[in-house]
Amino acid sequence: MKNFVEELRWRGMLAQIMPGTEEFLQKEMVSAYLGTDPTADSLHIGHLCGIMMLRHLQLCGHKPYLLVGGATGMIGDPSGKSQERNLLDAETLYHNQEAIKKQVSKFLDFDGDAPNKAEMVNNYDWMKDFTFLDFAREVGKHITVNYMMAKDSVKKRLNGEARDGLSFTEFTYQLLQGYDFLYQYKKYGVKLQLGGNDQWGNMTTGTELIRRTLGQEAEAYCLTCPLITKADGKKFGKTESGNIWLDRNRTTPYVFYQFWLNVSDDDAEKYIKIFTSLDKPTIDTLIEEHKQDPGRRTLQRRLAGEVTRMVHSQEDLDMAIAASNILFGKATKENLLQLDEQTFNDVFKDVPHYEVSKELLGQPAVDIFNQEGMQIFPSKSEMRKLVKGGGVSLNKEKIAAFDQPVTAADLIDDKYLLVQRGKKNYFLVIVK
């Protein structure tokens, strides 16, 4: 059995750990859980560190439980939040849960007969019939208000860092999360909780509740991964357009691949340890290769490839690489036609866009691409010179003559014309 804690340690994925945890994990197969909120029907890359912790746990021979917070997701966790979150209905939560399981199945083995196959549980199942009186008797009496008030997540909200203060609902969140641990401890034998470092307060409430309920000799542990940041200290996973999602309908595989491809050298060295399953010798070799010639971006390419393949598929990775080559390398019209419309738009979102009427189809290229307001060519005569020198392409094919007609057959997805002037200047003409 591989040493799970050591695996996390060399990967930079270990923040805090309860005394005795590492030794306990070396004794036997341990069942451990990590909670995630089903507030959307997709995880984003901010969730990936936790999911990778579960993956490494299973690869080290232990049994992972993914807890979907159907009940706690209806309330909201005060940790690191400045406002109470919206409450979701049961139907939406169930839909989100199933979507999340499908995504996590790429990382964890939920099938088969292995004793450490992954399980998915939803705390709504054991909370929905739990009355307030039961909660007060079975949970509330064991944890003092003084203990709860000492938690950083509570103190920050009470000290005026949040505009609306802290509701009673959110105040009890750590007790609900603590009860999750107690319930799973008793029903499934789960003895370890994993989570992000902002969860440490809630997690230790769980171990405290277990010991106060079942006796001080009860073995319950927790460990956290650090909150991932970028080298410049900014929040990881956010871009100007928002989160990078695992769902292809929210973030296309091309944009997903590009995110990893464009991280800094320092971040690539850190992320390849956290977000891939590559072993230490392989990663050490890649880091050395990268340092020899940073311009080749060895780390970024391998990182982007590994994560895109794991989250999506080899086919999606191949398309993402092909799409990247359209702008930055050699590509053909066939490569263009293979892109779905969303990916096509993602690839060319930053190039100048122009619109023309469908009625112009059939006219010479020199007329269509020199309409008033267009800035593709300085003038018709300049375009003629460039065409003569082989410097103008339409949909990645050289234009043979400046008066070559542009027809409906040239349209990509029935509405796009991609004009290229020279090697690096692209323009997208949308025909409406």
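When Lys106 is tested against (1) modelled with pLDDT of 95 or more; (2) surrounded by 15 or more Cβ atoms within 10 Å (Cβ to Cβ); (3) in contact with a helix residue (DSSP H, G or I) (Cβ under 9 Å, 6 or more places away or on another chain), just one condition goes unmet, and that condition is (2). Comparison of Leu93, Leu25, Leu57 shows that the only residue that is in contact with a Pro (Cβ under 6 Å, 6 or more places away or on another chain) and modelled with pLDDT of 95 or more is Leu57.
The set of residues in the range 328-353 that are open to solvent by 40 Å² or more (accessible area, probe 1.4 Å) and in a helix (DSSP H, G or I) comprises Phe328, Lys333, Glu334, Asn335, Leu337, Gln338, Glu341, Gln342, Asn345.
Of the residues that sit in the range 203-237 and are in contact with a strand residue (DSSP E or B) (Cβ under 9 Å, 6 or more places away or on another chain) and either modelled with pLDDT under 90 or of a type in the set (Ser, Thr, Tyr) (or both), which one is nearest to Gly20 (Cα to Cα)? Result: Tyr221.
In this structure, Asp265 qualifies as more than 12 Å from the chain's Cα centre (by Cα) and modelled with pLDDT of 95 or more.
Applying the condition of being β-branched (Val, Ile, Thr) and more than 25 Å from Pro226 (Cα to Cα) to the range 252-284 and asking which residue is surrounded by the most Cβ atoms within 10 Å (Cβ to Cβ) yields Thr252. Residues in the range 254-302 that are in contact (Cβ under 8 Å) with a residue 24 or more places away in the chain and of a type in the set (Gly, Ala, Ser) were compared, and the one that is farthest from Thr343 (Cα to Cα) is Ser277. Set side by side, the residues Glu288, Glu306, Glu315 differ, and just one is touching a Ser or Thr at 6+ places or on another chain (Cβ under 9 Å) and either open to solvent by 10 Å² or more (accessible area, probe 1.4 Å) or within 16 Å of Val263 (Cα to Cα) (or both), which is Glu306. In summary, Thr131 fulfils each of the numbered conditions (1) among the hydroxyl-bearing types (Ser, Thr, Tyr); (2) at pLDDT 90 or above; (3) within 24 Å of Tyr65 (Cβ to Cβ) with the single exception of condition (3). Check whether at least one residue in the range 269-276 is modelled with pLDDT of 95 or more, farther than 21 Å from Trp10 by Cβ and part of a loop (DSSP other than H, G, I, E, B), and report yes or no. The answer is no, given that none of the residues of the range 269-276 is modelled with pLDDT of 95 or more, farther than 21 Å from Trp10 by Cβ and part of a loop (DSSP other than H, G, I, E, B).
Is at least one residue of the range 186-197 at pLDDT below 90 and out of contact with any helix residue (DSSP H, G or I) (no Cβ under 8 Å at 6 or more places or on another chain)? No, because not a single residue in the range 186-197 is at pLDDT below 90 and out of contact with any helix residue (DSSP H, G or I) (no Cβ under 8 Å at 6 or more places or on another chain).
Here the helices (runs of 4 or more DSSP H) wholly within the range 154-251 that include at least 3 residues being crowded, with 16+ Cβ neighbours inside 10 Å and either out of contact with any Pro (no Cβ under 6 Å at 6 or more places or on another chain) or hydrophobic (A, V, I, L, M, F, W, C) (or both) are 173-188, 200-214. For the range 268-315, taking the residues that are among the charged types (D, E, K, R) and under 23 Å from Tyr254 (Cβ atoms), the one that is farthest from the chain's Cα centre (by Cα) is identified as Arg296.
The values are calculated or read from the model by the stated rules, or taken from the named source; none is laboratory data. Bear in mind the structure is a predicted one, so any value in this text is a computation, not a measurement. Note: ideal-geometry Cβ built from the backbone for every residue, glycine included; neighbour counts use all protein chains shown. Remember, those area values only see protein heavy atoms, side chains included, never the ligands or the DNA or RNA. Shrake-Rupley method; radii C 1.70, N 1.55, O 1.52, S 1.80 Å.
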